[in-house]
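Student: First the structure, then my questions, so here it is.
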Amino acid sequence: MPVRRLPSNPSLDHLKYQAKDLRRGHAAHDLQVAQRIREFHPHFKVASDAEIFSAKFSLVDAQLAIAREHGFPSWTRLKAHVEKPTLSGQLNLPHHERIEDALFRRAVNLLDAGDTAGLRAHLKQHQNLARQRVVFEGANYFRNPTLLEFVAENPIRHGTLPGNIIAITKVILDAGAEQTALNETLGLVCSGRVPRECRVQLPLIDLLYDHGADPNSAIQTALVHGEFEAVNALIRRGVRIDLPVAAALGRTADVPRLLPGADHEDRHCALALASQFGHIEIVQALLDEGEDPDRYNPAGFHSHSTPMHQAALAGHDQLVRLLVERGARVDLKDILWQGTPADWAEHAGNTELEAYLRAQQNAKALA
C-alpha cells in the first residue's frame, strides 16, 4: 500500500502515539491493523490475521512498523529524519533536487537534458557513478536508485522524457549496470505512464531485456498499473501466463486449467486483479473455490483496499452486485482514507453504484 507521507513538520511524540495505537489495535484484533503489520513489519510478511494476533507485538515491533509505513527502514532512521532533516529527506522537492552528491546530481541533470556526449564523458571520468546508489527516504518506492532508474521518469519529476532517451539509456548501460538495477528499471518502465505517453515504453523494454533484465521481475507492477502493452511485451519475452496474469487480462478460458495448481498467494492476487479490471466470470470462479472477498488485497496489489473497493472505484456494477450477493461486506473501510466502497464509488463519480452500495449499507444496519 502507499506509504503515509510525513507532514512538513513531523512530531516524534505523535509518531510514538501512532506506535502505541498500533499495539492497541493489535490487542483488539483490528483487521486493518493486521494488514498494516503484515505489510510493514518484515517478520509478519506471510502471516495470517490469526497468526499476527496470536504473536507477541512489542513497542519496538510497533515502532518498526510505523517507520516502514512512513517509508523509512527503521525507527532510528525515522527519528533521525525528524530531529535533523537532510536535503534528501525534503519530500516536497522532486527527486533530482534532493540529490546531495554533486557528481551524481550532475549525471541526472545531463540525463534530463538529453546530453549524450556530456553524460558519456562524465561517466567515463567518474567510473563508479553508473553503479552508485542514492538514498531517498519517506516514499513508497524509488528509495535507493542507481542512475539507470532515472530514465523511467517514475516517479514523475518532469512529466516527459528527452527525445533521445534510448540513446541516453545506452550510454548508462555501456558504463555498466548491475542486474538489480536492470530489473528495477524494467519494473519502473513497465508501470510508468510517462514512458508510454512518450512512446518509448516498448523500446526501453527491448533495450533492457537485451542487456539482461528479467521480464518476470516487472510483471506484477505492470499488471497492477494496467499497463497491458507492457504486460504483453513481457509475455513475448518469456513471462509465463499464470493465474494472476490470466485474471488481469481476462483470459477466462485459461482459468479452469490454471486454478487447480495455483497456490494460496496466486489465488489471492488473482481475485484482486480480476476485481480491479472487472472480469466477473473469473471473480465468480475464484469465489466458487472459496476465496474470501472481504480480505484486504495482498501487498503490492492496492493492499489498502478490498476487491469491493477496487470494483466500486472502477464502476464495475455487475461485479459489485456479484460480490454483494456472495456475502461481501459493504461496510469495510480502506486503510488509508477510511472510506467504504460506497465512498470510493462516490469519489469516482459512479453515482448509481454509490446509491446501490449505500442502500445495501442501510439494509445491513437495520437488519
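The values are calculated or read from the model by the stated rules, or taken from the named source; none is laboratory data. From a predicted model like this one, the values you see are computed outputs, not experimental measurements. Positions of Cβ are generated from backbone atoms using ideal geometry, with glycine treated the same way; all protein chains shown enter the neighbour counts.
Student: Report yes if Thr340 is polar (S, T, N, Q), surrounded by fewer than 19 Cβ atoms within 10 Å (Cβ to Cβ) and modelled with pLDDT of 95 or more, otherwise no.
Tutor: no
Student: Just a yes or no: is a residue in the stretch 290-310 among the β-branched types (Val, Ile, Thr), crowded, with 18+ Cβ neighbours inside 10 Å and under 17 Å from the mean Cα position of the chain (by Cα)?
Tutor: yes
Student: Starting from the stretch 131-152, take each residue that is under 16 Å from Thr86 (Cα atoms) and free of Cβ contacts under 8 Å to residues at least 24 places away in the same chain and list its partners that are among the aliphatic types (A, V, I, L, M) and surrounded by fewer than 18 Cβ atoms within 10 Å (Cβ to Cβ), counting only C-beta distances under 9 angstrom and pairs at least six apart or across chains.
Tutor: Asn144/Val135
Student: Further question on the same structure: Which is buried (at least 19 other Cβ atoms within 10 Å of the Cβ), outside the structural domain of Ala345 (by TED's automatic domain parsing) and either under 26 Å from Ala181 (Cα atoms) or touching a residue at least 12 places away in the same chain (Cβ under 8 Å) (or both), of Leu273, Leu249, Leu204?
Tutor: Of Leu273, Leu249, Leu204, the one residue that is buried (at least 19 other Cβ atoms within 10 Å of the Cβ), outside the structural domain of Ala345 (by TED's automatic domain parsing) and either under 26 Å from Ala181 (Cα atoms) or touching a residue at least 12 places away in the same chain (Cβ under 8 Å) (or both) is Leu204.
Student: Related question: Hey, which of the helices (runs of 4 or more DSSP H) in the stretch 1-111, taking only ones fully inside, have at least 1 residues that are surrounded by 12 or more Cβ atoms within 10 Å (Cβ to Cβ), touching a Pro at 6+ places or on another chain (Cβ under 6 Å) and in contact (Cβ under 8 Å) with a residue 24 or more places away in the chain?
Tutor: Per the criteria, 75-83.
Student: Among the numbered criteria (1) among the small types (Gly, Ala, Ser); (2) at positive phi; (3) crowded, with 24+ Cβ neighbours inside 10 Å, which single criterion is violated by Ala218?
Tutor: (2)
Table: residues versus (1) among the charged types (D, E, K, R); (2) in contact with a helix residue (DSSP H, G or I) (Cβ under 8 Å, 6 or more places away or on another chain); (3) in the same structural domain as Val60 (by TED's automatic domain parsing).
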residue	(1), (2), (3)
Gly71	no, no, yes
Asp101	yes, no, no
Asp112	yes, yes, no
Ala117	no, no, no
Gln127	no, no, no
Phe136	no, yes, no
Asn144	no, no, no
Leu147	no, yes, no
Val151	no, yes, no
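Student: Still on this structure, I have one more. Does the stretch 214-224 include one or more residues that are more than 16 Å from Val239 (Cα to Cα) and out of contact with any Gly (no Cβ under 7 Å at 6 or more places or on another chain)?
Tutor: No, the stretch 214-224 contains no residue that is more than 16 Å from Val239 (Cα to Cα) and out of contact with any Gly (no Cβ under 7 Å at 6 or more places or on another chain).
Student: So Asp292 ticks every box in (1) outside any loop (DSSP other than H, G, I, E, B); (2) out of contact with any Asp or Glu (no Cβ under 9 Å at 6 or more places or on another chain) but one. Which box is left unticked?
Tutor: Unmet for Asp292, out of (1) outside any loop (DSSP other than H, G, I, E, B); (2) out of contact with any Asp or Glu (no Cβ under 9 Å at 6 or more places or on another chain): (1).
Student: Taking the stretch 338-367, which residues are under 17 Å from Ser305 (Cβ atoms) and assigned to a helix (DSSP H, G or I)?
Tutor: Hits for the stretch 338-367 are Pro341, Ala342, Asp343, Trp344, Ala345, Glu346, His347, Leu353, Glu354, Leu357, Gln361.
Student: Now for a different question. With Pro155, Pro203, Pro195 as the choices, which residue is under 26 Å from Arg68 (Cα atoms) and not small (Gly, Ala, Ser)?
Tutor: From the options Pro155, Pro203, Pro195, the qualifying one is Pro155.
Student: Can you report the number of residues in the stretch 135-154 which are part of a loop (DSSP other than H, G, I, E, B) and at pLDDT 95 or above?
Tutor: 4
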